[in-house]
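Take a look at the structure below.
No lab work stands behind these numbers, since they all come straight from the coordinates. This one's a predicted model, so the numbers in the text were calculated from it and none came from an experiment. Because the Cβ atoms are built from the backbone with ideal geometry, glycine has one as well, and the counts that use them run over all protein chains shown.
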Amino acid sequence: MRKMRPNSAPWRAAAVLASVLLVGSMAACGNSDTGGGSTDDGKITLGFSQVGAESGWRTANTTSIKEAAAAAGIELKFDDAQQKQENQIKAIRNYIQQKVDVIAFSPVVESGWDTVLKEAKDAGIPVILTDRSVDSADKSLYKTFLGSDFVKEGRLAGEWLIEQKKTASGPVNIVELQGNTGAAPANDRKKGFGEAIAANPNLKIIASQPGDFTRAGGKQVMEQFLKANPKIDVLFAHNDDMGLGALEAITAAGKVPGKDITIITVDAVKDGMQALADGKFNFIAECSPLLGPQLMDLAKKVHAGEEVPARIETEETTFTQEQAKEALPNRKY
Ligand code: AHR
């Protein structure tokens, strides 16, 4: 074989090729140091398990997460659990098997997560809870919880009602449409509302049933409430969609929503805000679904091994009919 002279053209070409290969292999080592779960292109992979598509709120939340992932350059693996805890557990196990970098989910119910969360922890994959929390005693099973204070939302709804009914001399009959059984917003909104209205013994919850956060559920349960109770003064619905479904039942029963029956809901999605501006709802406690950008920021931080606050509370407000009229033109969802 012919020998290459140092500094000859073939020698220089071989030297350039060798240094390119060396830099390439160093970069590859750098990637695997970032935690082993990144894709080859260096992108963070986030596995997200969504509750379902039960409400306008949920649709806006899904859109926010998908758009924010694309904007942040995060590869999103998305699964819709169709309201079933077993589907969420299956999705989380798939993400663990796929060795994603970070797992996030919005738990359909509060309990029953310890085993799968432990599996994620053992696999070294950080978990972020978004929108809803879990009741696990071991807080080391997840890095942070980003979402609303649902007890506060219920309390704000109850305090508004206390103020409206402060001169009521007789009983004020309230019916309550709860979210799906066992969900954090259903448990917490019930609690906050109940605690607030306890300040006036005239205010009484005469019936309370789950409507599963859906319009169909709200309509069906409200029909039953109306049949069983001749005097209903107030409806507290745990979300706008159930309130909107209930409107149909109330109108069909020959009553005027917002007048014959005072209607209080939670969320403040566009359709709910329209009903409020139109005088069919009376008050809404806001629950913001726009969690995507904060979630992506947290995913980057936990992937980099940075400390993050254990609880990040979403900023929210409340709306009266007048405030809804003002806010509607600029409402994003
Ligand atoms: O967890 C948030 C709640 O879930 C929203 O209030 C409701 O609309 C949704 O389905």
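For the range 134-150, enumerate the residues that are buried (at least 19 other Cβ atoms within 10 Å of the Cβ) and in contact with a Gly (Cβ under 9 Å, 6 or more places away or on another chain). Scanning the range 134-150 gives Val134, Phe150. Restricting attention to the range 265-310, the residues that are within 16 Å of the ligand (Cβ to nearest atom) and closer than 30 Å to Ala137 by Cα total 12.
Does at least one position in the range 186-203 carry a residue that is within 22 Å of Leu247 (Cβ to Cβ) and either among the hydroxyl-bearing types (Ser, Thr, Tyr) or exposed (fewer than 15 other Cβ atoms within 10 Å of the Cβ) (or both)? Checking the range 186-203: not a single residue is within 22 Å of Leu247 (Cβ to Cβ) and either among the hydroxyl-bearing types (Ser, Thr, Tyr) or exposed (fewer than 15 other Cβ atoms within 10 Å of the Cβ) (or both).
Consider the range 96-118. How many of its residues are over 19 Å from Ser133 (Cβ atoms) and part of a helix (DSSP H, G or I)?
2
In the range 142-184, which residue that is over 30 Å from Val102 (Cα atoms) and among the hydroxyl-bearing types (Ser, Thr, Tyr) is farthest from the ligand (Cβ to nearest atom)?
The first filter runs over the range 142-184 and keeps only residues over 30 Å from Val102 (Cα atoms), leaving 154-178.
Add one more test, that the residue is among the hydroxyl-bearing types (Ser, Thr, Tyr), and what stays is 167, 169.
Details: Thr167: 31, Ser169: 34 Å.
Across the range 142-184, the extreme among qualifying residues is Ser169.
Restricting the range 44-69 to residues that are part of a strand (DSSP E or B) and polar (S, T, N, Q), the residue that is nearest to the ligand (Cβ to nearest atom) is Gln50. Candidates Glu110, Glu86, Glu67, Glu75: the one that is closer than 28 Å to Val269 by Cα and over 16 Å from the mean Cα position of the chain (by Cα) is Glu75.
No other residue among Ala186, Ala198 is in contact (Cβ under 8 Å) with a residue 40 or more places away in the chain and more than 18 Å from Lys255 (Cβ to Cβ) apart from Ala186.
Within the range 206-235, can you find the residues that are within 13 Å of the ligand (Cβ to nearest atom) and of a type outside the set (Gly, Ala, Ser)? Of everything in the range 206-235, those that are within 13 Å of the ligand (Cβ to nearest atom) and of a type outside the set (Gly, Ala, Ser) turn out to be Pro210, Asp212, Phe213, Thr214, Arg215. Inspect the range 122-136 for any residue being more than 18 Å from Gln83 (Cα to Cα), of a type in the set (Val, Ile, Thr) and in a helix (DSSP H, G or I) and give the result as yes or no. Taking every residue of the range 122-136 in turn, none turns out to be more than 18 Å from Gln83 (Cα to Cα), of a type in the set (Val, Ile, Thr) and in a helix (DSSP H, G or I).
Considering the range 191-307, the qualifying helices (runs of 4 or more DSSP H), each wholly inside and each with 3 or more residues that are touching a Pro at 6+ places or on another chain (Cβ under 9 Å), run over 240-252, 292-303. Of the listed requirements (1) within 16 Å of the ligand (Cβ to nearest atom); (2) not in a helix (DSSP H, G or I), Gln88 misses just one: (2).
Screening Pro210 with (1) within 15 Å of Glu54 (Cα to Cα); (2) surrounded by 23 or more Cβ atoms within 10 Å (Cβ to Cβ) gives one miss only, at (2).
Conditions tested, residue by residue: (1) assigned to a loop (DSSP other than H, G, I, E, B); (2) acidic (Asp, Glu).
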| site | (1), (2) |
| --- | --- |
| Ser140 | no, no |
| Val151 | no, no |
| Glu159 | no, yes |
| Ile162 | no, no |
| Ser169 | yes, no |
| Asn173 | no, no |
| Glu176 | no, yes |
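Considering every residue within the range 98-111, establish whether at least one is under 21 Å from Ile312 (Cα atoms), surrounded by fewer than 23 Cβ atoms within 10 Å (Cβ to Cβ), free of Cβ contacts under 8 Å to residues at least 40 places away in the same chain and not aliphatic (A, V, I, L, M). No - not one qualifying residue is present in the range 98-111.
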